[in-house]
Amino acid sequence: MLPEQFRLNVKPMASYDAIVHEGNARFTVLTEGLIRLEYDPNGNFEDRASQTMWHRQQPIPAFTIEHVDNCLMIETDMFSLCYTEGQAFSPESLSIRIKTTDSVWHPGDVDTGNLKGTTRTLDFSNGYTPLNNGLISRSGWALLDDSHSLVFNADNWLESRKGQGTDWYFFAYGHNYKAGLRDYCAVSGNIPLIPRWILGNWWSRFWAYTQDDLMTLINDFEAREIPLSVCIVDMDWHITQTDNHSTGWTGYTWNNTLFPNPQGLIDFLHEKNLHTALNLHPAEGIHPHEAHYPEMARRMGIDPASEQPVEFDITNPTFVKAYFEVLHHPYEEMGVDFWWLDWQHGLECKIANLDPLWLIN
């Protein structure tokens, strides 16, 4: 059973009157400028929340439906869609005209005006870094392909979709870019504002410094009137010499040689009006040298006497619950404000097509 804080509060089922069925195609008018486009050769459509789209139940916008010859027409104040009935989506069977720019989109069109979005990771980046397409485009439209995302089941956990169909979201905002962002947030969920202190200066260094070294450094910043908001304690906060098969990169136990009074350090940083985070590399799991290993092993059905490592499996709800309750919450009660999570172990996990970085974040 997942902890309550991980359970979703979503409304993924669109209003019945916003949905237009046409054979093996389904169209959902979510807003005047956003329409969901689905096609499945077996007519299997997905109404559960996906990784991206959680709130398809929106106020029904004004739109019209018309059948002209063998073409289905759906029209709002922002766009006009034409679909050739009975066909899979293709450049010949589907088009959408964006009214404010009088431009026409077809499946497969290249978005040459896209202003780009994010990149998955900055590992090995040095200078120019390619970015994925984002939602905002000078072309006046954006296409979000949700076909391969996972969906949340009744237990609020991810699983693969049943069908292999097309699941697209088409944004027809023209040059009203705020409207495009507003439509996205309406269906995917509001984006929380970051705390003000995150925008300040951060200090971090990958070095085996001591508690006294760090406290002296913070006092030196203060004496020189150099403002700081965040102090990161890098990976040497925890034991790195493990005397077992662990490389020492993963760790959850304070290194009391370098940090003899962890609570005192955290209290000191807070007295200096700093927020602090501990660095984690979780991929190697929990090994028997860790202070919390016995409890984690028992929670996962492992005899602690066996010294069998506890696998890091973010796809297992039982592990997730134990991981936070046993390993994270005690440190948060000490005053750790957040965690610097460093994931460098690729795209593979036990749920097909799930990027573990998405679930970790």
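For region 196-360, DSSP calls about 15 percent of its internal beta bridges antiparallel. Note on region 1-95: the alpha carbon radius of gyration divided by the globular reference 2.2 N^0.38 Å gives 1.22.
For the residue pairs 11/178; 116/350; 116/162; 99/162, the alpha carbons lie more than 28 Å apart in 116/350; 116/162; 99/162. For a test of the definition: using alpha carbon positions, the gyration tensor, and the 1.5 limit on a/c, classify region 4-188 as rounded, prolate or oblate. Since a/c reaches 1.5 but b/c is at least a/b, the shape of region 4-188 is classed as oblate. For residue 45, the shell of other residues with beta-carbons less than 9 Å away shows a net charge of -4, using +1 for Lys and Arg and -1 for Asp and Glu.
If exposed GluC sites (Glu not before Pro) are those in a DSSP loop with at most 12 other Cβ within 10 Å, what is the longest stretch of the chain that has none?
93-224
Ratio of Rg to Rh for region 196-360: 0.99 [Cα atoms; Kirkwood radius as inverse mean 1/r over pairs]. When you count the other C-beta atoms within 10 angstrom of each residue and take the mean per peptide, 98-111, 162-175 line up highest first as 162-175, 98-111.
Sorting the Cα pairs of the chain by distance into bins of 10 Å, from 0 upward, gives 4, 19, 25, 21, 16, 11, 4, 0 percent per bin. Axis angle, to the nearest 10 degrees, between helix 211-223 and the longest C-alpha principal axis of the chain: 70 degrees.
With respect to the chain, whose longest principal axis is taken over its alpha-carbon atoms, helix 262-271 is tilted by about 60°. Axis angle, to the nearest 10 degrees, between helix 177-188 and the longest C-alpha principal axis of the chain: 70 degrees. Secondary structure note: in the chain, about 80% of the DSSP beta bridges are antiparallel.
A short reminder: the numbers here are calculations on the coordinates, not readings from a lab. All figures in this text were calculated on a predicted structure; none of them were measured in a lab. FYI the Cβ positions are ideal-geometry reconstructions off the backbone, even for glycines, and counts take in every protein chain you see.
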